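First up is the structure itself, then whatever we jot down about it.
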Amino acid sequence: MNPPFSTFPTVLLVLLFGTFGCKDVSDNVPIREANFQPPTNPVERFGLMWEGLDIDSGIVAPGQSLSHILRPAGMNAGQITLLAQATNEEYDVRNMRSGKPWWIAFTRDSLPKPAHFIYQRNAREYARFSLQEPYSVALESLPADTLIQRTIGTIENSLSVDLERLGAPTTLALAMANVYAWTVDFSRLQKGDAFDVMYERTYINGEPMGMPRVIACHFQHRGRELPAFRFDQGEGFDYFDDAGQSLRKAFLKAPVEFSRISSRYNLKRFHPILQKTKAHYGTDYAAPKGTPILAVGDGMVSKSSYTKGNGKYVKIRHNNTYETQYLHMSRRAVSAGQNVKQGQVIGYVGSTGLATGPHVCFRFWKNGKQVDHLREDFPPSTPIQQDQMEAFQATVQDLSAAIAKLVPATK
Ligand SMILES: [Zn+2]
């Protein structure tokens, strides 16, 4: 594979990784070989020396009970009853469900005897029964491997298509979109945008479990460098740029200063003009005609238009997740396609469309649906605190060195 960053000026590579020196990766960042694959046929399995046993296996069929599985293996009804009684307190065998895998391990004697029965309760947990007296059961978990990988690429198609081409999980696109939800609109990526991402994933028995988790990422979007580093400063993991600023941005609380809320988001509102129940998908802020209306966040104007109901209105796309819309303007101050900054005047309060008096009906869209923004729980966007800064900077150095050392996985 051609490293896509080779199309970048060398100086950029130096900027990305070169300034951090060659500090060793700290112990809490377990870096594995990028192409490491957990063994699929290990010597030890389910806590048993698997290779010394003869194995029968299957899937619990609908209506099948423990005795349906163990009798063909050579256990009689009395033994199975004793086994169920002896283990009932730790694991009730009636909880076994169809569709789950099981294994019977036989001793390798001249007369093989069933020694262990393993029932996999879920992806992680299993019950291991001892089929020889004294009967017992142990509830255990499969060992999980955390594999850290790196993928470098440029956008040729869409992020998920390009990730697949590079042999990375497509779900990584979702994880990256979450990291950059407030800064990059992933529906508007450009050809030539580039990324270098280090992520971790949990593997059980060689199978990936759950979503990949971004550890550090460099995204180059429309010529802008957007580094992201994962760090926990006591409130759980969050993502920060290299200066310690949170990648999340807060929206303005309201699109107009000095206003009052005249009507809240209400799915069963009685409409004052239509004289019937009609859902109100916005929050109305009453203010004198001509009061400036402000963009609540950075974004791009997706619509600046007029309809009979909305009157003159503006809609702004902030990122992949959020859009906002401002109705009943007396005048619009921006046009579609224009980039706007938080706090920028985008229009003026009026009562065009279906409105009884001058106000702005503020609509908050989340993933294409209108929601009550006053009930949205926005996570904090606190930057790295002073007392955490040293630890954060050390982590940035460690992660940057770690990325540089990882060979990107290829197909
Ligand atoms: Zn309204």
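General observations
- Share of carbon and sulfur in the accessible heavy-atom surface of the range 272-383 [1.4 Å probe, %]: 47 percent
- Total formal charge among the other residues, if their Cβ is under 11 angstrom from that of residue 266, Lys/Arg +1 and Asp/Glu -1: +2
- Percentage, to the nearest whole number, of Cα pairs in the range 283-343 over 20 Å apart: 21 percent
- Using the Cβ of residue 69 as centre and a radius below 12 Å, the other residues enclosed give a net charge of +1, where K and R count +1 and D and E count -1.
- The angle between the Cα long axis of helix 389-405 and the main principal axis of the chain comes to about 60°, on a 0 to 90 degree scale.
- Average accessible surface area per residue within the chain, 1.4 Å rolling probe, Å²: 52 Å²
- Alpha-carbon centroid distance for the pair the range 166-223 / the range 242-266, whole angstrom: 27 Å
- Calculated FRET efficiency, residue 122 to residue 82, Cβ-Cβ distance, R0 = 25 Å: about 0.40 to the nearest 0.05.
- Look at the dipole of the range 215-334 built from charges on Cβ: of 245, 219, 256, the Cα furthest out on the positive end belongs to 256.
- Taken one residue at a time, the phi angles of the range 243-260 give Karplus couplings (6.51, -1.76, 1.60, θ = phi - 60°) of 8, x, 7, 5, 6, 8, 10, 7, 7, 4, 5, 8, x, 9, 7, 6, 10, 10 Hz. Gly and Pro are set to x.
- Within the shell of other residues whose beta carbon sits under 10 angstrom from the beta carbon of residue 103, the net charge comes to +1, with Lys and Arg scored +1 and Asp and Glu -1.
- From the Kirkwood radius over Cα pairs of the chain, Stokes-Einstein at 37 °C and 0.692 mPa s returns a whole-number translational diffusion coefficient of 126 µm²/s.
- In whole angstrom, the range 54-174 maps to an equivalent ellipsoid with semi-axes of 42, 15, 14, each derived as √(5λ) from the alpha carbon gyration tensor and ordered largest first.
- The range 201-253, accessible surface, carbon-and-sulfur percent (1.4 angstrom probe): 51 percent
The values are calculated or read from the model by the stated rules, or taken from the named source; none is laboratory data. Note that the coordinates shown come from a computational prediction; the quantities given were computed from them, not determined experimentally. Virtual Cβ from ideal backbone geometry, glycine too; neighbours counted across all protein chains shown. Note: areas computed on protein heavy atoms with side chains; ligands, DNA, RNA excluded. Shrake-Rupley method; radii C 1.70, N 1.55, O 1.52, S 1.80 Å.
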